[in-house]
Amino acid sequence: MNDSSWIRKALGEFESPLMRYAVSLLGNIDRARDVVQETFLRLCEQNPDAVRHHVAPWLFKVCRNLALDLRRKEVRMAVVANDAQLRDRSPSPGDVLERKEALSKIGRLMTNLSENQREVLRLKFQSGLRYKEISEITGLSVSNVGFILHTAIKKLRTRLEEDRPQSQFRRVK
């Protein structure tokens, strides 16, 4: 490829959003870096004319697939591992901090949403993707993406309203 400027442009524009997305899927910044790096390596192998006009959904879909493949591989490896080792294993302080950073952007209320709802919300609001792009990434229909977003936002709004009176009437000792 003679013209690599489009790849540099894609890297500059999408590296951070892809990192956030990969960390949200994997819960680990190092594994997320590996996945994002592999995503851009695969972009370099693509014909520019084939992906140039839909780079965002292509990148997010490849990143998602790589992250999910990695998670599946890790689950298979964990099943093979000794049960006693798994029970005694606790996350390192670094892992805890990385997880906390990733979840701080999501907010405590999103923890009660389904995985589909959280993923669609992240893609829409953290990554700024359109319904059609989210549909291409997740394999859901465009109308299903809209329904999931609507339902998730409605649940968040309800929970916010439920929490609001408690915070307004706290006693001061």
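With each label modelled as a point 7 angstrom along the Cα→C-beta vector, the Arg157-Glu115 pair spans 2.8 nm.
Taking the average, over residues, of other Cβ atoms within 10 Å as the packing measure, peptides 143-151, 63-71, 116-124 rank 116-124, 63-71, 143-151 from highest down.
Distance check, please: which entries in Lys73/Lys155; Lys9/Lys73; Lys9/Lys61; Lys73/Lys154; Lys61/Lys132 exceed 23 angstrom between their Cα atoms?
Lys73/Lys155; Lys9/Lys73; Lys73/Lys154
No value in this document is a laboratory result; all are computed from the given coordinates. Remember, predicted model here, so these are calculated numbers, not experimental data. Neighbour counts are summed over all protein chains in view; Cβ atoms, including those assigned to glycine, are modelled from backbone coordinates with ideal geometry.
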